[in-house]
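See structure below.
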Amino acid sequence: MVDYAPILIFLIVAAAFPAVTLVIAWGLRPSSFNEVKVEAYECGVPASGEARARYSVRFYVIAVLFVVFDLVYNPPVTRFLSEARARGARVLGGIEMFVAQAEAQFRLFTAQDPPAGVMRETLLQAIRADRPPSRPRRRSPARRPAPKRRR
């Protein structure tokens with residue numbers, strides 16, 4: 001039994017520490033009820049309506065339509081998107097998401113509609129500039145048998 005004493009002490013401490021911590025936290029917490037504490041809160045934006053409101057069936061129908069989103073914008077068509085499109089899913093690539101986000105930010109910060117097509121064209125130019133110039137493929141030399149080694 002003496003050999004197992006360190007293990008027993010470790011297990012007691014490991015079990016007691018969280019229990020003691022929770023009891024201390026429960027004792028120190030403020031116990032006043034506050035309406036704001038139970039209000040739904042999403043990503044730093046106060047809720048605009050009832051948090052437990054019923055959703056229309058159309059939100060569930062969208063999930064059944066198999067819409068595939070990809071946030072990667074370079075390359076414009078990823079393997080994920082091409083396989084999803086081949087299986088009949090509707091796809092929305094990273095370029096569309098990036099452009100929609102840029103246009104929304106432009107509207108938010110300038111209170112004006114963005115110029116049509118400018119965000120998309122700017123992104124496509126940046127992607128083209130980032131890509132290394134295409135080089136013609138080198139033809140591999142004809143396979144020759146390896147020279148025989150001399151002993």
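Derivation of every value follows stated rules applied to the coordinates shown; laboratory data play no part. Keep in mind it's a predicted model, so treat the numbers as computed, not measured. Glycine gets a Cβ as well: all are built from the backbone with ideal geometry, and neighbour counts include every protein chain shown.
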(request) Pull up the stretch 65-93, narrow it to residues that are of a type outside the set (Asp, Glu) and touching a helix residue (DSSP H, G or I) at 6+ places or on another chain (Cβ under 6 Å), then point me to the one that is farthest from Ile127 (Cα to Cα). (result) Val68
(request) Collect the residues in the stretch 1-12 that are loosely packed, with under 10 Cβ neighbours inside 10 Å and aliphatic (A, V, I, L, M), keeping them in residue-number order. (result) Met1, Val2, Ala5, Ile7
(request) Mind listing whichever residues of the stretch 99-127 are touching a residue at least 12 places away in the same chain (Cβ under 8 Å) and either β-branched (Val, Ile, Thr) or exposed (fewer than 12 other Cβ atoms within 10 Å of the Cβ) (or both)? (result) Val99, Ile127
